[in-house]
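Written out below as structure tokens is the structure these notes cover.
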Amino acid sequence: MPSVPETIHLIQIGEQAGAGSTCSAALDDNPWLHDADHSYGPGASIDDPLPSDAPRQGVLPAEYRQASREELDLRIRAAKAALGERLVILGHFYQRDEVVKYADFVGDSFQLAQATKKTPNAEAIVFCGVHFMAETADMLSGPNQAVILPNLAAGCSMADMADLDAVEDCWEELTALFASDPGTPHLDSGDVGSQKLQPVIPVTYMNSSAALKAFCGRHGGVVCTSSNARSVLEWAFARGQRVLFFPDQHLGRNTAKAMGISLDQMPLWKPEVDLGGNTEQALRDSKVILWHGFCSVHKRFSVEQIAMARQRHPGVRVIVHPECTLEVVEASDENGSTDYIRKAIEAAPAGSIFAIGTEINLVQRLANDHPDKTIFCLDSIVCPCSTMYRIHPSYLAWVLEAFERGEVLNRITVDEATTSDARIALERMLALAPGKPVSAA
């Protein structure tokens with residue numbers, strides 16, 4: 001099976017077997033054609049509003065725009081060989097095959113955060129992922145390590161749905177509301193570990209800015225990933241009466257419901273209205289307050305797609321990512337992180353049939369890696385993550401060759417104060433491995 005960019009090109013020129021379609025004809029463009037656009041770029045997030053202060057990528061030099069695939073491959077491999085142990089390349093599961101093949105570590109956000117801490121001798125950590133992941137790598141790396149993002153336009157629309165000002169406004173409203181409740185300490189009282197529970201514990205998904213991770217660190221909270229979300233919520237409930245979960249409503253809702261929390265105890269917080277659009281009583285009765293954010297890739301999956309997969313492939317095993325809606329998760333056979341999906345497919349016997357609800361680059365790579373099984377994406381329309389798709393071998397060759405010359409391009413840095421607070425929440429996350437027993441201490 002061809003890679004996703006190859007598939008998109010074949011669809012565009014009308015040579016894809018079995019026809020097929022894409023969500024945007026511009027997906028066949030080279031990504032540098034969109035570096036001047038004020039958008040996330042072609043793909044699932046193209047219609048999501050981009051913040052005015054989002055990082056922008058400058059002009060990629062012509063020699064890299066014009067280089068052939070073969071030339072880029074030779075140049076990237078030569079730079080890697082010359083840099084040796086001075087360099088480590090991290091690649092997220094959602095990266096295109098043409099990039100991820102150069103990675104020294106491939107994984108989900110939790111695994112790549114762990115990998116960052118396991119590479120203390122590398123001078124450069126080139127992160128083939130998106131901006132918030134590179135920020136996390138910078139905060140977990142050593143002071144003499146440079147974290148490089150090949151394309152600064154590789155952001156995340158979900159992460160941008162919750163900004164520090166909006167979260168702090170929410171926190172102030174909750175502080176005022178719960179301060180009037182008898183028998184509960186102030187939100188910032190620091191009573192973690194005592195018999196009193198805090199009124200609310202902030203939990204941010206890894207898909208968030210460094211500023212929000214620091215917010216959680218300052219306020220007794222924690223970061224989670226899709227791999228350890230349940231362990232994180234258990235940790236939070238050992239310390240607080242309820243959780244404020246941002247930015248992804250669906251991961252929070254799916255995880256909490258699997259823990260036995262009812263939907264009427266999970267109000268949705270809409271940051272543009274007072275009390276998030278809720279009554280005071282609904283917030284007092286809540287267990288998990290969900291931020292109004294979502295992943296534009298995973299919201300594309302539907303119950304109808306699952307029904308069609310079952311009709312066409314009797315016996316199909318449907319696995320979706322927990323960033324999908326609750327209706328899709330409940331209609332599936334299983335849900336789990338990208339690493340969970342990968343391991344489930346690896347462990348299945350030959351002849352198994354899988355319909356997968358997650359980003360198309362990972363799904364097609366799994367299909368290529370397991371030709372003895374039938375593996376396909378629930379969404380028949382090819383629509384990759386807009387921002388992961390911004391990373392291209394041309395940008396990778398550019399930053400690697402510059403570093404080889406002693407020049408650090410596209411370095412991602414987080415200030416010391418933010419890093420100090422965020423590390424508290426990140427270290428809590430790293431200690432909460434999936435399924436690990438949670439202590440109230």
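The numbers here are math on the coordinates, done by the rules we state, and not lab data. This structure is a prediction, so every number in the text was calculated from the model and none was measured. For neighbour counting, all protein chains shown are included, and Cβ atoms are generated from backbone atoms with ideal geometry for every residue, glycine included.
General observations
- Beta bridges per DSSP with both ends in the chain, % antiparallel, nearest 5: 5
- With both labels modelled 7 Å from their Cα along Cα-to-Cβ, the Glu427 to Ala238 distance reads 1.7 nm.
- Between Ser262 and Ala54, the distance separating the two model label sites (each 7 Å from Cα on the Cα→Cβ line) works out to 4.0 nm.
- When the range 162-293 is described by a simple charge dipole with +1 on each Lys and Arg Cβ and -1 on each Asp and Glu Cβ, the residue from Val167, Ala179, Val200 located farthest towards its positive end is Val200.
- With a Förster radius of 56 Å applied to the C-beta separation of Lys196 and Asp104, the computed FRET efficiency comes to 0.75.
- Look at the alpha carbon pairs under 8 Å that are at least 6 residues apart: their mean separation over the length of the range 162-293 gives a relative contact order of 24 percent.
- Length added when fully stretched, Thr374-Arg65, from 0.36 nm per residue minus Cα-Cα: 107.6 nm
- Ordered by the count of other Cβ atoms within 10 Å of each Cβ, fewest first, Leu268, Leu72 give Leu268, Leu72.
- Centre separation in Å (Cα based) which lies between the range 230-280 and the range 322-354: 24
- Highest GNM mean-square fluctuation among Lys343, Lys270, Lys80, for the chain modelled with Cα contacts below 10 Å: Lys343.
- Length-normalised contact order for the range 250-390 - Cα pairs under 8 Å, 6+ apart - percent: 21
- Per residue, the average separation of C-alpha pairs within less than 8 Å and at least 6 apart gives the chain a relative contact order of 22 percent.
- Order of Leu112, Leu283 under a 10 Å beta carbon neighbour criterion, fewest first: Leu283, Leu112
- Estimated [θ] at 222 nm from DSSP helical runs (n ≥ 4, -39500 (n - 2.57)) normalised by residues in the chain, nearest 500: -11000 deg cm²/dmol
- The range 230-246 - phi-based ³J(HN,Hα) in whole Hz, Karplus 6.51/-1.76/1.60, Gly and Pro as x: 5, 4, 5, 5, 4, 4, 5, 6, 6, 10, x, 6, 8, 10, 9, 10, 9
- Counting only alpha carbon atoms, the long axis of helix 131-140 and the longest principal axis of the chain meet at about 70°.
- Listed from fewest to most Cβ neighbours within 10 Å, the set Ile11, Ile148 follows the order Ile11, Ile148.
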